[in-house]
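Each remark here refers to the structure printed beneath this line.
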Amino acid sequence: MGAYVLVAEDDPKQAELVRRYLEHEGHAVAVVGDGRAALEEVRRNPPDLLVLDVMMPRVDGLDVCRVLRRDSDLPVLVLTARSTEDDLLLGLDLGADDYLTKPYSPRELAARVRTLLRRTRPAARPVDPILRVGTLQVDPVRHEVRAGTEPVACTPGEFQLLRVLAAEPGRVFTRDQLLRHLHGFDSYVTARTVDVHVMNLRRKIEPDPGHPVRLLTVYGVGYKLADG
């Protein structure tokens, strides 16, 4: 069964690569770009495992480990460019469960995640990979969408956009943020692509597409999925 994995990595390209590999393994994945955001997300929506880069802005990965270990046994896989024995031992002393030194193989990272989850999942919370927002259900593993009891047929790009929004209901995503998630799902991607996907999704999931109540426009910013 897939897990919910939080990836804290400030390099967008590296974070996207890790996200894709882990999603291919059947996991639901959220990505944050700094240590403070990682701590906030762990508190808001505790993951089953944290993939944590050491060198990050605002709060670095070692400080994140230090804070987490005060009251959490969350499994942590540390990614580090520091390869000296002292640096690696420090990460383990602060509570990391495993580490990978950069550069690393994404396939090896996925294997380490599997190993950590096998070791820790018996004590972990039950995981439901389906993202539920009100009566809307998005299943990242089966690539299925339901609005109430009705199945919704989505293109790969539409599904990816909806999956991103459903993973963080209430959060406003700019067009540029959504575009980054659509690379690889659409052959030609522009800001207009996002608008077209939103328009098509509204036809499929809204009771009245002309007056949306689920997939909302935040004028001058972007789009969000209403929480509930």
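Show the residue pairs meeting these rules: Cβ distance below 7 Å; 6+ apart or different chains; first residue within the range 136-153 and assigned to a loop (DSSP other than H, G, I, E, B); second residue of a type in the set (Ser, Thr, Tyr).
Taking only residues 6 or more apart or on different chains, the pairs are Gly148/Thr135.
Of the residues Val198, Val194, which is in a helix (DSSP H, G or I), touching a Lys or Arg at 6+ places or on another chain (Cβ under 8 Å) and modelled with pLDDT of 85 or more? Explain how you work it out, then say what you get.
On the way: Val198 fails: touching a Lys or Arg at 6+ places or on another chain (Cβ under 8 Å).
Result of the check over Val198, Val194: Val194.
Of the residues Leu74, Leu52, which single one is surrounded by 17 or more Cβ atoms within 10 Å (Cβ to Cβ), part of a strand (DSSP E or B) and in contact with a helix residue (DSSP H, G or I) (Cβ under 8 Å, 6 or more places away or on another chain)?
Details: Leu74 fails: part of a strand (DSSP E or B).
None of the others qualify; the one that does is Leu52.
Against the definition (modelled with pLDDT of 85 or more and either among the β-branched types (Val, Ile, Thr) or crowded, with 18+ Cβ neighbours inside 10 Å (or both)), how does Thr155 come out, yes or no?
Yes; evaluated as a whole, the condition is true for this residue.
Considering only residues of the range 191-221 that are touching a residue at least 24 places away in the same chain (Cβ under 8 Å) and surrounded by fewer than 18 Cβ atoms within 10 Å (Cβ to Cβ), which is nearest to Leu179 (Cα to Cα)? If you could, list the steps in order and put the result at the bottom.
At the first step, the residues of the range 191-221 found to be touching a residue at least 24 places away in the same chain (Cβ under 8 Å) are 193-194, 197-198, 200-201, 204-205, 214-215, 218, 221.
Keeping just the survivors that are surrounded by fewer than 18 Cβ atoms within 10 Å (Cβ to Cβ) gives 200, 204, 218, 221.
Numbers: Asn200: 16, Lys204: 21, Val218: 16, Val221: 14 Å.
That would be Val221.
Just give me the residues in the range 55-66 being modelled with pLDDT of 80 or more and buried (at least 17 other Cβ atoms within 10 Å of the Cβ), in sequence order.
Val64, Cys65
Counting just the residues of the range 6-54 that are touching a Gly at 6+ places or on another chain (Cβ under 7 Å) and either among the hydrophobic types (A, V, I, L, M, F, W, C) or without any contact (Cβ under 8 Å) to a residue 60 or more places away in the chain (or both), which one comes out farthest from Ile130 (Cα to Cα)?
Filtering first and then ranking leaves Val54.
Given the options Pro140, Pro169, Pro126, name the one that is under 22 Å from the mean Cα position of the chain (by Cα) and modelled with pLDDT under 85.
Values: Pro140 fails: modelled with pLDDT under 85; Pro169 fails: modelled with pLDDT under 85.
None of the others qualify; the one that does is Pro126.
Take Val172 and decide whether it is within 22 Å of Arg44 (Cα to Cα), without any contact (Cβ under 8 Å) to a residue 60 or more places away in the chain and among the aliphatic types (A, V, I, L, M). If you could, list the steps in order and put the result at the bottom.
On the way: within 22 Å of Arg44 (Cα to Cα): yes; without any contact (Cβ under 8 Å) to a residue 60 or more places away in the chain: yes; among the aliphatic types (A, V, I, L, M): yes.
Yes, satisfied.
In the range 71-115, which residue that is of a type in the set (Ser, Thr, Tyr) and modelled with pLDDT of 85 or more is nearest to Glu16 (Cα to Cα)?
Taking the range 71-115 and keeping what is of a type in the set (Ser, Thr, Tyr), we get 72, 80, 83-84, 99, 101, 104-105, 115.
So of that shortlist, the ones also modelled with pLDDT of 85 or more come out as 105, 115.
On the way: Ser105: 14, Thr115: 21 Å.
Per the criteria, the residue is Ser105.
The values are calculated or read from the model by the stated rules, or taken from the named source; none is laboratory data. If you're wondering where the values come from, they're calculated on a predicted model, not measured in any experiment. For neighbour counting, all protein chains shown are included, and Cβ atoms are generated from backbone atoms with ideal geometry for every residue, glycine included.
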